[in-house]
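Chemist: The structure's right below; bear with me while I get my questions together.
What follows is calculated from the coordinates using simple rules that are stated; it is not laboratory data. Not measured: the values here are computed from a predicted model. When we count neighbours, we look across all protein chains shown, and the Cβ atoms used for this are built from the backbone with ideal geometry, even at glycine.
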Amino acid sequence: MSLLTPLGLLGLLSVPVLLWLWRKQPTRRLTRIASLVPFEHLQQKQPHKRSRLKVNLLFWLQLAACGVLALALAQPLVRHAAAKTTLIILDTSASMGARTRGGTVYEQGLRALTDRLRSRSPLEKYFVVASAPVTALTPQPVGSAADVQAAAASFRPQATAGSLSAAAQIGQALLGYAPSSIVVVSDEPPPSEQADNLEWIRVGGKLPNAAIVGLDSEPLLCGQASGRLVAVIANFSEMPLQLRVRAKQASRVLDEQTVDLEPGKRSAVALAVPPDITGAIRVELDADPDALDWDNAAEADVRSATSVPVALSVQAEPVRKALSGWLNACKGLSWSEAAPEDPAKPFMWVTDQVSPSPSGIGSVIVIAGPPEASGQAPVYWLVDNDHPVGRYLAPIEPAGIAPAKTGVGEEVRPVIWAMVRGERVPVVAVREEEGRRIVAFNLHPQAAADSSQALVVFLNSLRWIMSGTGHVASAFLDPLESNLNEPASTWTVATGNAATGNAATPLASERPKLSFASLPLLPWLLWTAVCLLLIEWWRYALIKGRPPVAPPQDPL
Amino acid sequence: MQILFLTLTAAGVLFWGRRIPLSGWKRTAVILCRLAALALLLQAIPQRVRVTERERPQQVVYAVDLSNSMDAKQRLWAAERIASLEAVRPRDVRRAVVAFGSTATVIEPLGKEPLEPDKLSKAFDAASVGPEQTDVEQSLLVALKLLSADGGGRIILLSDGRETAGNAGRILPHIRRLGISVYPEPPPAAAQAAISWEAVSVPPVVQRGQPVPIRLVLNNGTGSSTMAEISIAVSGVVIKKGSQALRPGWRVLSVAVPALQQGTLALDVRVRTPQGFDEQRPVYTEVEGPPHVLFVDERTNALPLAARALQQRQMEVSLVQPSEVPTDPRALLNYDAVFLFNIPKSSLSVEQVSALRSFLEDSGGGLVMAGLGGDLAEELRTTAPLDALLPVTFEAKGLQETKRRVCMIMLVDRSASMFGPRLAATKRAAVALVNQLAAEDLAGVLAFDTKAYVVMEMQPVGNARQELIDKLVKLHSTGGTDVLPALIAAQNRLEPLDAQIKHVILLSDGQTPFNLGLYRALMESFRQDGISISTIGIGAAFINEEYLQWLADKSGGNYYLLQTLDDLPKLVAQDVKDSLGRLPFSEGKFGVKTNPASVLFSDAPWPTVGGFLTATAKPEASVDLTVQGGDEQSPLLAGWSVGLGRSVVFTSDADTRWSPDWLSWDGFEGWMAQVVRWAMRPRFAEELFISVAPSAGVPRLVIEGPLDNPQGSLIPASQENARPLSLIQSRAFRWEASLEGLPSGWYQLALSSHPEGEAPRFTKRWLQIGEPPQTREAPGQPAQAVWLRAAAEASGGWFAAPDAAFLPPSTHVLVREPVSAWWLPLVLMLLLAEIALRGSSQF
């Protein structure tokens, strides 16, 4: 047996207290004679003699109760051999929060799991893992169905998507070995080919749902502001629905639209936002019936300006001319050769100063030194497409433009390298410092004036810097979770390295031949304590023939 | 249940409480104490938990890469780096060390004592982690188990990031949600640099016939030039091989292969150098080409004119027999439409029709059917699985064709003069005769010497071919010659038939008794019956040309003098052709009219048809062209939608038999192409920009282009489970989908755009998600800084700043503790207080 909280045994300190209370009580009745009461103060007090503790059944019952309660505080566990370990994966993704007549889909799942546990083997133990987020609900395998149910009931579906296969993988890793069987409780369809040790408990069913699946609030870099917010809504039901979409800021409703949507259809709803409104706007969706609420809201940030003004500060005339051409290529982009008069308004720099002014939201620093001579060999760019500045370019781009010789600093993160004469030279590098985004552009704009790749990268840089001003994203629920009629399966066979076809290495070592389950004794101890206290109370009530000691009454 | 217990318990306490030997306020207090104690106990039994936040010292796991890609110098660096980090580690922060290769193991459990580099080096040497692979995923899972007890923690990953097994990217987002961050730091350059292959790229889509440019980025760290042999293979077959100079440093090598076939082009690119470098990687691209039509015809020796018309209109045509139509709908995805050309409905099996149905319903494919093959009457009468896909129901109202065309009989002289090669040539001629005719035409073969014998009775040619060949094999020459009985026998068979052409071909030497009166009467009856005779002189010696010529002239046929035996089949074929040329096309033609409701065609003069299959359009079908013939207007061209796809039927044959006017019509090519284009899968012609962009550490697929309500899925190169994409529209022409948890590798993006009121458009692209997987475990290669940086971002850590893992030195964790931890002490106190209140009443 082991103790989860050994400090709980401090509860045994109640035993000496109990002993002291019993020793303190007089065991003989004190008879007071009315006529002697006025003279009690003259009575010589007998010296206190240490006497033996006189106890009865009540004492033992109370002692037992204290002992049981102290032991319960320590949360003892008994290990017993278990022949079978079952990994239980509970789908706690957002779709499990859908409402049905019998409660949520998750509650249906818990009931189904309870039914399943009724047929459990006494030597079976369970390890429970939630899928969204992937969390172990039981710190270690438990052998009691009650513990499983308690662990499952303590968790609720989250407003996020989950992955059953990731839960299985991480669950096995936390377990430390491969389980004998896996039980999945989910609203997803079971895999077409089910392993023998996989048991799938599917709950839920086709439920009506409408959701916000798109929100367009990011203005175009080179376009005009539309002044509208476009929300895309979808009807994931099997019946036509009338949907109400509204845009609100705080409690003020900015615009509301009503749309009739056929089953399985989507629609873009334009919500007019007054020109004076900027900042966070909440878009809400009402539909009836609608089983899931988490996908009925989204947040967006609306800016009044299409883009942030650009301040061009370049000393070299050829560079300034080339950059002016690039900036003019983007209609709708406002730029000037000086910082805005109002310093509070956001703007950004395009400059050739290596250490630009700290004002503004960010900078594109054009390092316009003479180009690295490449000779006759073509120059290729190696592009990190994962970064927004590297978007729209191929991973290996024949750019034909050599970088400037000066290079960029070591502390930056290169996004585009040029391969020249066997060297890998950073061409475009980014960094963020104190909330400002900076792009170092290691090209001579004049040499790159006709290069479409250079222009694309330059515009990407502007967009990246401008997108750093306030969040534009929205708290979107993955639409795969919203489609309650055709839930997508997140149970995929682990394929390891998909490209090389390497099979997934075993996630855990072999299951130990003898594994143990921990059986917590706490519930048993609590019930025992209840019984002891009831029995003790009953015995106390049975003490007869001894009327209570009444306080002396004045005979007069 | 709990409330019931609570109620019963409270009732018991109150009931017995009346009898306790106490009174006054003590009694009340004691009862209340007992009630409270029992209530607290009963509430604690369900083991409710209380979640509290506590501050706990940070926990850090050092994950050290001990695979073969890390040489001894780099391993030593790892030990020293850990020691240097230990020097700045706050003492309260607990640390552990996990070593990994193909497996992972804990070599130092969680503890606070600082780690010595010597001890670590020894532990690294002793660790058995399988250095043949680098499985970062395993190391993260083992570290997770160490850190999971209390929740939260940091992992300092000392590795070159060259993952050759597992897929760490798949679990990083989940680790992040558990409050664990990864702080990768790459090792310094290896002691001895080698050649490494850093990147390979191909365009996501190319056009058929264009070269596919493949670019490889190699880093030659050896300091000397070498030759790199590059080979490109498709399905294991090398299609290109060559050597290029690889000079020191970072180099880009380019290779191009032609894109010959539409669909996915999977290439295995292999690079080898004399220094022992040998690595192979797959790349994928989608080859797009013109519309591809699967043309199904029973005769595959030559393309029908309808197929050639499609080729003229820049469509690719593949000709197959009905038995070769795929049963797997995925095989049909290489085509945009399937064209069934005059084949029997019954020639397609249930599985083939099921594949066609899936092709139409799910993939938006097209089905075009022109005419029917086989026994038309039988085909019209019986139902077949294909009927459900067609917009018309064929009904046996009778084939509407302008009378039966041809009835022919060949009279073969089997007298002694026809022995040997002459008889053999005659047999070949008989087969040539049958091949010239349509399946519905009637043909028969009679042999004669002094009497007529039936070789093959008059019957439809479609049934006759094999029987004729079988019977001809047994034919042998014998006896003398008398043509008259044979002519009478032929007349007896031809006279009752209602055909446009009744013709006899006589092969004989003409050495026969000739009674002029009888022959004149016979010829007169032949004339009245519309029976013509062509004669071909064949025989061993003297040929009675005068007789044979007289017969042909009197009956309106032709006389041919055989020069060589080889000419015989040709002469028969020529004669049949001449006979067919006498078909009265000017009579019995059916006019064609445009249905006013047609959306495809406007009212225009259409060519006539000589025949069509009688049918009724189904209620959901739209009829574009109708035939003016028979009792009512019949559909000639009808179509309807089947799921996402379309099906069209042309009830004439689009061939020489019923539609010769169409074939010779100038607009035939354009009309045929228009019909097929209407039915076939629409193509997505606009340009798309597809990229993968991280957003708050979660990779997102970004698709930009003119799409309408797009739906998509990602199919891994291994063809395993496709992952549906939940595309969220974030801008007017931009959609995004989360790729969280998706293993890195090659994927085919299958995308469809669904414009309102129009058929969906499909397109495919290949893209590589995540860093290219490493296939080679060898030292001397530079670290995969991009991969390591991405791992840091995905998990909320920092790249190349491992000491940041120690800050802050403590963390807040959520602790779940049962409420009994608080209530049980209260119960104890209540119990003791109650006992104290009882006093001596307990005795």
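Chemist: For the protein assembly as shown, with the dipole built from +1 on Lys and Arg beta-carbon atoms and -1 on Asp and Glu ones, taken about the Cα centre, which of B:Phe5, B:Ser346, B:Gln549 lies farthest toward the positive end?
Modeler: Highest projection toward the positive end goes to B:Phe5.
Chemist: Can you tell me what share of the DSSP beta bridges in chain B is antiparallel? A percent to the nearest 5 is fine.
Modeler: On the way: 116 of 182 bridges.
Taking every DSSP beta bridge within chain B, about 65 percent pair in antiparallel fashion.
Chemist: Still on this structure: Along the charge dipole of the protein assembly as shown, Cβ charges K/R +1 and D/E -1, which of A:Leu77, A:Met239, B:Val287 sits furthest on the positive end?
Modeler: A:Leu77
Chemist: Can I ask one more? Which percent, to the nearest 5, of DSSP beta bridges fully inside the range B:195-288 are antiparallel? Write down the numbers at each step before the final one.
Modeler: On the way: 40 of 43 bridges.
Expressed as a percentage, antiparallel bridges in the range B:195-288 total about 95.
Chemist: Report, for the protein assembly as shown, the % of DSSP beta bridges that are antiparallel, rounded to 5.
Modeler: Values: 187 of 287 bridges.
Once the DSSP bridges in the protein assembly as shown are tallied, antiparallel ones form about 65 percent.
Chemist: Computed from the mean reciprocal separation of all distinct C-alpha pairs, what Kirkwood hydrodynamic radius does the range B:237-287 have, in Å?
Modeler: Details: mean 1/r = 0.0774 Å⁻¹.
About 12.9 Å for the range B:237-287.
Chemist: Run through every distinct alpha carbon pair of the protein assembly as shown and return the Kirkwood hydrodynamic radius in angstroms, one decimal place. List each step's numbers first, then the result.
Modeler: Details: mean 1/r = 0.0251 Å⁻¹.
Its Kirkwood hydrodynamic radius stands at 39.8 Å.
Chemist: 222 nm [θ] for chain B, helices only, -39500 (n - 2.57) per DSSP H run of 4+, per residue, to 500?
Modeler: My calculation for chain B gives -9000 deg cm²/dmol from helical runs alone.
Chemist: Are there any chymotrypsin sites (Phe, Trp or Tyr not before Pro) in the range B:251-300 that are in a DSSP loop and have at most 15 other Cβ atoms within 10 Å? List them by number. Could the numbers behind the result be given before it?
Modeler: Numbers: sites: B:Phe277, B:Tyr284, B:Phe295; in loops: B:Phe277.
Sites meeting the loop and neighbour criteria: none at all.
Chemist: Here is a follow-up. Going down the table (A:Lys206/B:Lys145; A:Lys265/B:Lys345; A:Lys125/A:Lys206; A:Lys265/A:Lys331; B:Lys474/B:Lys570), which pairs top 28 Å between alpha carbons?
Modeler: On the way: A:Lys206/B:Lys145 37 Å; A:Lys265/B:Lys345 37 Å; A:Lys125/A:Lys206 33 Å; A:Lys265/A:Lys331 35 Å; B:Lys474/B:Lys570 23 Å.
Cα-Cα > 28 Å for A:Lys206/B:Lys145; A:Lys265/B:Lys345; A:Lys125/A:Lys206; A:Lys265/A:Lys331; rest within.
Chemist: Would you mind checking the radius of gyration and Dmax of the range B:607-740 based on alpha-carbon positions, in Å?
Modeler: Cα-based Rg and Dmax for the range B:607-740 come out at 23.1, 72 Å.
Chemist: Looking only at the range A:53-71, which residues have a backbone nitrogen under 15 Å from a spot 7 Å from the Cα of A:Arg23 in the C-beta direction?
Modeler: A:53-55
Chemist: Tell me the angle of helix B:421-436 to the major Cα principal axis of chain B, expressed in degrees between 0 and 90 and rounded to the nearest ten.
Modeler: So the helix axis and the longest Cα principal axis differ by about 60 degrees.
Chemist: Related question: Which net charge results when you count Lys and Arg as +1 and Asp and Glu as -1 among the other residues whose beta-carbon is under 9 Å from that of A:Ala297? Each step should come with its number before you reach the end.
Modeler: Values: positive: A:Arg282; negative: A:Glu284, A:Asp293, A:Asp295, A:Glu299.
Surrounding charge for A:Ala297 is -3.
Chemist: Checking the a/c ratio against 1.5 first, then a/b against b/c, what shape does the Cα gyration tensor give for the range B:180-259?
Modeler: Values: a/c = 2.74, a/b = 1.49, b/c = 1.84.
Because a/c hits 1.5 or more and a/b fails to exceed b/c, the range B:180-259 counts as oblate.
Chemist: To the nearest 10 degrees, how steeply does helix B:668-679 sit against the main Cα axis of chain B, on a 0 to 90 scale?
Modeler: Value to nearest ten degrees: 30.
Chemist: Taking every residue in A:61-70, how many Cβ atoms of other protein chains lie within 10 Å of its Cβ, on average?
Modeler: Details: counts 0, 6, 0, 0, 5, 5, 0, 1, 8, 3.
Counting other chains' Cβ atoms within 10 Å and averaging over A:61-70 gives 3.
Chemist: Sorted by average packing, counted as other Cβ atoms within 10 angstrom per residue and highest first, what order do A:196-205, B:501-510 take? Mind dumping the intermediate values first?
Modeler: On the way: A:196-205: 15.9, B:501-510: 25.9.
Highest-to-lowest ranking by the protection proxy: B:501-510, A:196-205.
Chemist: If you don't mind, there's one more thing I want to ask. Relative to the longest principal Cα axis of chain B, at what angle does helix B:2-17 sit, 0 to 90 degrees, rounded to 10?
Modeler: 30 degrees
Chemist: Here is a follow-up. Which three numbers, in whole Å and largest first, are the semi-axes of the equivalent ellipsoid of the range B:687-756 derived from its Cα gyration tensor as √(5λ)? Please list the in-between numbers first.
Modeler: Working: eigenvalues 76, 47, 18 Å².
Taking √(5λ) for each Cα gyration eigenvalue gives 20, 15, 10 Å.
Chemist: State whether the range B:415-525 is rounded, prolate or oblate according to the following rule on the C-alpha gyration tensor (a ≥ b ≥ c being the square roots of its eigenvalues): a/c under 1.5 gives rounded; otherwise a/b larger than b/c gives prolate, and the remaining case gives oblate.
Modeler: Oblate shape, in that a/c is at least 1.5 and b/c is the bigger or equal ratio.
Chemist: Taking square-rooted eigenvalues a ≥ b ≥ c of the alpha carbon gyration tensor, is chain B rounded, prolate or oblate, where a/c under 1.5 means rounded and, failing that, a/b exceeding b/c means prolate? Write out the running numbers ahead of the final one.
Modeler: Numbers: a/c = 3.68, a/b = 2.21, b/c = 1.67.
Here chain B falls in the prolate category.
Chemist: Right, something else. Can you compute the charge dipole magnitude of the protein assembly as shown about its Cα centre, using +1 on each Lys and Arg Cβ and -1 on each Asp and Glu Cβ, nothing else charged? Give it in debye, rounded to the nearest 20.
Modeler: Details: 129 positive and 136 negative charges, 1675 e Å.
For this selection, approximately 8040 debye.
Chemist: Please arrange B:Ser579, B:Ser349 by how many other C-beta atoms lie within 10 Å of their C-beta, fewest to most. Please list the in-between numbers first.
Modeler: On the way: B:Ser579 23, B:Ser349 16.
The fewest-first ordering by Cβ neighbours comes to B:Ser349, B:Ser579.
Chemist: Assign unit charges at the C-beta atoms only (+1 for Lys and Arg, -1 for Asp and Glu), then state the dipole size of chain B relative to its Cα centre in Debye, rounded to the nearest 20.
Modeler: Details: 80 positive and 87 negative charges, 772 e Å.
Computed charge dipole of chain B: roughly 3700 debye.
Chemist: Now, a different point. Hey, can you rank B:70-77, B:450-457 by average C-beta count inside 10 Å, highest first? Before the final figure, lay out the partial values.
Modeler: Details: B:70-77: 18.6, B:450-457: 16.8.
Highest-to-lowest ranking by the protection proxy: B:70-77, B:450-457.
Chemist: Restricting to Cα pairs below 8 Å that are 6+ residues apart, what does the relative contact order work out to for chain B? Please round to a whole percent.
Modeler: Values: 1871 pairs, mean separation 143.2, N = 843.
Result for chain B is 17 percent.
Chemist: Sorted by mean Cβ packing within 10 Å, highest first, what order do the peptides A:123-129, B:6-12 take? If you can, show how the numbers build up before the last one.
Modeler: On the way: A:123-129: 23.6, B:6-12: 14.1.
Per-residue Cβ counts within 10 Å, averaged per peptide and sorted highest first, yield A:123-129, B:6-12.
Chemist: Over the range B:713-752, calculate the relative contact order: mean separation of alpha carbon pairs under 8 Å at least 6 apart, over the residue count, as a percent.
Modeler: With pairs under 8 Å counted, the relative contact order is 48 percent.
Chemist: Please give the net charge around B:Ala337, taking every other residue with its beta carbon less than 14 angstrom from that of B:Ala337, where Lys and Arg add +1 and Asp and Glu add -1. The partial results should precede the final answer.
Modeler: Working: positive: B:Arg313, B:Arg646, B:Arg677, B:Arg681, B:Arg683; negative: B:Glu316, B:Asp336.
Within the 14 Å Cβ shell, the charges total +3.
Chemist: Just in the range B:647-700: which GluC sites (Glu not before Pro) are loop by DSSP and have at most 10 other Cβ atoms within 10 Å?
Modeler: Numbers: sites: B:Glu669, B:Glu686, B:Glu687; in loops: B:Glu686, B:Glu687.
Answer by residue number: B:Glu687.
Chemist: Further question on the same structure: Ranking B:Arg56, A:Arg252, B:Arg176, B:Arg683 by Cβ neighbours within 10 Å, fewest first, what do you get? Please report the intermediate quantities before stating the final value.
Modeler: Numbers: B:Arg56 16, A:Arg252 10, B:Arg176 21, B:Arg683 13.
Least to most surrounded, the residues fall as A:Arg252, B:Arg683, B:Arg56, B:Arg176.
Chemist: If neighbour count is taken as other Cβ atoms inside 10 Å, put B:Thr383, B:Thr512, A:Thr92 in order from fewest to most.
Modeler: On the way: B:Thr383 11, B:Thr512 22, A:Thr92 28.
Result, fewest neighbours first: B:Thr383, B:Thr512, A:Thr92.
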